[in-house]
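**Student:** What follows is a structure written as structure tokens; I'll ask about it next.
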């Protein structure tokens, strides 16, 4: 940490690829063994969470060849199915949330051609890259590379400032390996037929480290956190480290055999919603950035009720009970109301069961209250940086209310405020905010009016008079911490609860008969805004209706339109 003394931490934080407050990649996946299902076939559910767009990133595909058939979801330009089944196995993925990048500060000599290592001065590797620019001369760059990785401070002013005089900043990342075979790995996953061949395919998966879920038609289920996870010789890489002493260098990667893995557990189910996947005695550091675990808790609670069906699994993907709200709300409700309006709001929330339903006022009151409570607790400490780093931070608020109540004191006043006072103040601020923007009738407020899923067209959304033809919006259930996740950019002052990030693809794989598996994507199969199929799946996605893709060719001919693409004769 001494290396970072005097560094502008705001500038250092801006090196993050994801701005503060913006939702990051997440997902849900669970797999249930055949002994725990009603039809006695394994069930695998998966819904990856990414930034919404119109069209959505994914498209559904069923590819049939003489010796191979695979069904699921993929991305334009990718020569295999990313998530799906091949008639023998089904697979899904969630983000491991592992820390696979570190920054190293390199000391540079006066010439700028050498940097310091534990063994003395060493020359940078260099290469020249030419970037073509439309309607302008090409730009030529000299890229320097140390033993840790490329020098990013040659391009990024903020990292140059953070590194300091006579130093540069290098990036170590597992995704920069020259022998990356991740694409080959996924291609082989498409053709795996059992757990052993599935694992063998994932030995070549490198980045980003991901949690793979597995089920086969024989009833086996499994989980493997595949990918390159750095073995750090010292520390956790939370801040840039000295590159010249070797103390924090990576010692290779965690061996494949030591990556977290589960096969046919006695419990009969495996669940992950980006929560911690490592047992207490796990010998390697993977991350500090796990999800709080609210989604995983809800999934496990539902699965523990009894044997599951495909229908119940699909229903669980739509579940919008907030375990976070149920955890935090009793602490917030422990106050005396200041007036009749407060009393009514507290009474409504006291009866609420935590369902983030789009047609109800309670989710909106609670979310705005928590938003304002964050402001009341730490805006005074952050000052002008507050809006930049505002998120809901439920774990922090729980910690403050339970054992760190000094945070409730406003450092800008002579009085000493307590947490009950801050909670009351936040409630008043929330109700004032909602009354001013919506009206005085609490019962008329609706979560869905604030929480609309927004799918922005990458081009048309930038053109005011064309935006309406490309962008899509729809009121939705859920929130940041529900199974049916609808995550928001909370520090957007205009629309803090606009849903911009969630499950653009959902699938439930029925291993008893994979033809009965269910699929849905968020917008439509077409990327053409004037096509009938640009947004024809949007309501079905929101309301929990799925599609099947196991039909015969004869059934497809009857069901609807067919577009046949015939390659032209090859020219010689």
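**Student:** How many of the residues making up the range 373-414 are farther than 23 Å from residue 342 by Cα, touching a helix residue (DSSP H, G or I) at 6+ places or on another chain (Cβ under 9 Å) and not in a helix (DSSP H, G or I)?
**Tutor:** Total satisfying the criteria: 7.
**Student:** Taking residue 291 and the conditions (1) more than 30 Å from residue 512 (Cα to Cα); (2) at pLDDT 95 or above, which numbered condition does it fall short on, given that it satisfies the others?
**Tutor:** (2)
**Student:** Would you be able to say whether some residue in the range 278-295 is under 22 Å from the mean Cα position of the chain (by Cα), assigned to a helix (DSSP H, G or I) and not assigned by TED's automatic domain parsing to the domain that holds residue 362?
**Tutor:** Yes, the range 278-295 contains a residue that is under 22 Å from the mean Cα position of the chain (by Cα), assigned to a helix (DSSP H, G or I) and not assigned by TED's automatic domain parsing to the domain that holds residue 362.
**Student:** For the range 62-85, give me the residue count where each residue is closer than 23 Å to residue 470 by Cα and either touching a helix residue (DSSP H, G or I) at 6+ places or on another chain (Cβ under 8 Å) or surrounded by fewer than 20 Cβ atoms within 10 Å (Cβ to Cβ) (or both).
**Tutor:** The total comes to 3.
**Student:** Another question about this same structure. Would you be able to tell me the number of residues in the range 501-526 that are modelled with pLDDT under 95 and not in a helix (DSSP H, G or I)?
**Tutor:** The total comes to 0.
**Student:** Looking at the range 219-242, which of its residues are crowded, with 22+ Cβ neighbours inside 10 Å, at pLDDT 95 or above and closer than 30 Å to residue 116 by Cα?
**Tutor:** Across the range 219-242, the qualifying residues are 228, 229, 230.
**Student:** Another question, then. From the list 446, 405, 395, exactly one residue is more than 18 Å from residue 330 (Cβ to Cβ) and surrounded by fewer than 18 Cβ atoms within 10 Å (Cβ to Cβ). Which is it?
**Tutor:** The unique qualifying residue is 446.
**Student:** Can you pull out the helices (runs of 4 or more DSSP H) entirely within the range 143-218 that have at least 1 residues that are at pLDDT 95 or above, buried (at least 17 other Cβ atoms within 10 Å of the Cβ) and in contact with a strand residue (DSSP E or B) (Cβ under 6 Å, 6 or more places away or on another chain)?
**Tutor:** 182-190, 195-202
**Student:** A further question on this structure: Within the range 296-314, can you find the residues that are part of a helix (DSSP H, G or I) and farther than 25 Å from residue 209 by Cα?
**Tutor:** 301, 302, 303, 310, 311, 312, 313, 314
**Student:** Also, quick follow-up: Scan the range 122-135 and give yes if some residue there is out of contact with any helix residue (DSSP H, G or I) (no Cβ under 9 Å at 6 or more places or on another chain), touching a residue at least 24 places away in the same chain (Cβ under 8 Å) and within 17 Å of residue 245 (Cβ to Cβ), otherwise no.
**Tutor:** Yes, the range 122-135 has at least one match.
**Student:** Moving on to the next point. Residue check: is residue 557 part of a loop (DSSP other than H, G, I, E, B) and more than 20 Å from residue 320 (Cα to Cα)?
**Tutor:** no
**Student:** Please go through the range 101-121 and pick out each residue that is closer than 15 Å to residue 168 by Cβ and surrounded by fewer than 15 Cβ atoms within 10 Å (Cβ to Cβ).
**Tutor:** Selection gives 109, 110, 111, 112, 113, 121.
**Student:** Given the options 44, 50, name the one that is crowded, with 19+ Cβ neighbours inside 10 Å, farther than 17 Å from residue 215 by Cβ and at pLDDT 90 or above.
**Tutor:** Result of the check over 44, 50: 50.
**Student:** Restricting attention to the range 224-272, report how many residues are in contact with a strand residue (DSSP E or B) (Cβ under 7 Å, 6 or more places away or on another chain) and outside any strand (DSSP E or B).
**Tutor:** Looking only at that region, the number is 15.
The values are calculated or read from the model by the stated rules, or taken from the named source; none is laboratory data. Predicted model, so just to flag it, every value in this text is computed and none were measured. Neighbour counts are summed over all protein chains in view; Cβ atoms, including those assigned to glycine, are modelled from backbone coordinates with ideal geometry.
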